[in-house]
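Below you'll find the structure, written out as structure tokens, and then a few comments.
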């Protein structure tokens, strides 16, 4: 889909970028910072080890291919499942409260 724009140099607006899947959201400029802060706060509430592992795996898939990234998942998941944060996640779910993660 992007080839047309790469070859022609044609410009497109934010709504076309959304339709093409190049961006996830379109909003007014005054809504950008509040939305960015909202997303950052949501990410910050997640288990840091899980966020780091997700980013690492996604980068590896992009740079080295999905097969290599998939091969690295079992030891990564094993490490995550044996972390204190994993135990806290289970406790928080059972107790129906937000997790308090420490990145270990």
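A short reminder: the numbers here are calculations on the coordinates, not readings from a lab. Fair warning: this is a prediction, and the values are worked out from it, not measured in the lab. Positions of Cβ are backbone-derived with ideal geometry, glycine not excepted, and every protein chain shown enters the neighbour counts.
A few remarks follow.
- Label of the coordinate-derived value, Cα extents along the principal axes in Å, listed as (1) 53, 38, 18; (2) 47, 35, 21; (3) 54, 26, 15: (1)
- Helix 84-94 axis, angle to the chain major axis (alpha carbon atoms, nearest 10°): 90
- Seen against the Cα atoms of the chain and their longest principal axis, helix 32-44 is set at about 30 degrees.
- The angle between the Cα long axis of helix 48-64 and the longest principal axis of the Cα atoms of the chain comes to about 50 degrees, rounded to the nearest 10.
- Cα→Cβ-extended label distance, 7 Å offset, between residue 93 and residue 52, nm: 2.2
- Cα centroid of the range 47-81 to Cα centroid of the range 2-28, whole Å: 29
- Mean residue ellipticity (222 nm) of the chain, computed from DSSP H runs ≥ 4 via -39,500 (n - 2.57), nearest 500: -19500 deg cm²/dmol
- Gain on full stretching of the segment that runs from residue 32 to residue 17 - 0.36 nm per residue minus C-alpha separation: 3.8 nm
- Normalising the average separation of contacting C-alpha pairs (under 8 angstrom, six or more residues apart) by the number of residues puts the relative contact order of the chain at 21 percent.
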